[in-house]
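The values are calculated or read from the model by the stated rules, or taken from the named source; none is laboratory data. No experiment lies behind these values; they were computed from the predicted model shown. Reconstructed Cβ throughout: ideal geometry from the backbone, glycine too, with neighbour counts over all protein chains shown. These accessible areas exclude ligands, DNA and RNA; they are computed on the full protein's heavy atoms, side chains included. Shrake-Rupley method; radii C 1.70, N 1.55, O 1.52, S 1.80 Å.
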Amino acid sequence: MAPRANWKGFLRLSLVTCPVALYPATSDTEKVSFNQINRKTGHRIKYAKVDAETGEEVANDDIMKGYKIDTDTYIEVSKDELDDIALESTRTIEIDEFVPRSDIDGRYLIRPYYLVPDGKVGHDAFAVIRETIRSMNKVAIGRVVLTNREHIIALEPLDKGLMGTLLRYPYEVRSETEYFDDIQDVKITKDMLDLARHIVEQKSGSFEPEQFEDRYEQALIDLINQKRNGLSTKAKAAPKTGGNVINLMDALKRSLASEKEAAPARAQEKSKGKKPKKAAAGQREMLLPISGGGKRAAKETAKETVKEAPKKAVKPVRSAARTKKAG
């Protein structure tokens, strides 16, 4: 099923305009999520909206928004009043200026979107805007209205399309000074810096996100698979700590020696590429029912899993991620 655009409108650079569609570039829907359930009945928990003072449930029609100005004092704002001040989308991303990518502080970045031509027309104009931005090696800054709020969006070429990143406003970014003021000014010796640089060189490589593994997500999947198959779960032993660093120079030397020992194995593993995980024999995919049904079948499946499955459960195949509304 093709993804659904969160926003459709026009992209404009001066007199050059083309229809475009905006899609979220990231998704959290593939992560394992839980529902809250009643331990006694196994039923899902449902939340009710109640009056904080009387404890009585309040109907949706009687609920309005309020801005707290003092203890138990609120300025009430109705939906109609909010609708009156809501920004009406012009359905157009108008490019206001071009800036160097390095000028955008990373703290201002919120989330990325993909911007593509909408329909069969406008591909020429889209390509002109995209290649103009690419040739100048800059980022285009524009504005877009999503869910009644106006957002700043930074546009940059990405392959055949554009990546648009929503940016925070200055009032949303905290100053670092109140956090960094108490950091002590210390003098680092040249020997320490040289050792640290050697460690960095040993650990240097290229950014390959496909090599990253969400170990907590995998642990959740393993836990659910074990419980589905009737296996007992054991508490993990607390990790051993290395203790406090007494001598920084000694710690750097030991770190460097450790990295030198590990470097050949890392290089060999990288040259071979990351091996795909083998499916465990007898292991069921997490989101499929256990064949046979009943407790007896679950116990039999558990026995087979204990005999045949390796220690690490196979990661289940994910379904296609669903898109969410932008805003």
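Miscellaneous remarks
- Quick note on the range 1-113: its Rg to Rh ratio, both from C-alpha atoms and Rh being the Kirkwood radius, is 1.09.
- Apportionment of accessible area to carbon and sulfur, the range 1-96, percent (1.4 Å): 49
- Where chymotrypsin sites (Phe, Trp or Tyr not before Pro) fall in DSSP loop in the range 1-40, at most 15 other Cβ within 10 Å: PHE34
- Here is the list for the range 85-191: trypsin sites (Lys or Arg not before Pro) lying in DSSP coil, each with at most 14 other C-beta atoms within 10 angstrom of its C-beta, are ARG91, LYS120, LYS160, ARG168, ARG174, LYS187.
- Accessible area per residue (1.4 Å probe, heavy atoms of protein chains only) ranks HIS43, HIS151, HIS123 as HIS43, HIS123, HIS151, with the largest value leading.
- In terms of overall dimensions, the C-alpha atoms belonging to the range 20-78 reach 49, 41, 23 Å along their principal axes, ordered largest to smallest.
- Length gained on full extension, GLU30 to MET163, computed as 0.36 nm times the residue gap minus the Cα-Cα distance: 45.7 nm.
- Long-range Cα-Cα pairs in the range 80-188 (distance over 17 Å), rounded percent: 63
- Residues whose placed amide H lies under 5 Å from that of TYR114, excluding near-sequence neighbours: TYR23, ALA25, GLY164
- Within the range 169-238, the GluC sites (Glu not before Pro) that combine a DSSP coil assignment with at most 16 other C-beta atoms in a 10 angstrom radius are GLU176, GLU213.
- Members of LYS40/LYS234; LYS138/LYS190; LYS31/LYS138; LYS46/LYS236 lying beyond 29 Å, as alpha-carbon distances in this model show: LYS138/LYS190; LYS31/LYS138; LYS46/LYS236
- Whole-Å distance, taken between Cα centres, linking the range 1-44 and the range 132-208: 24
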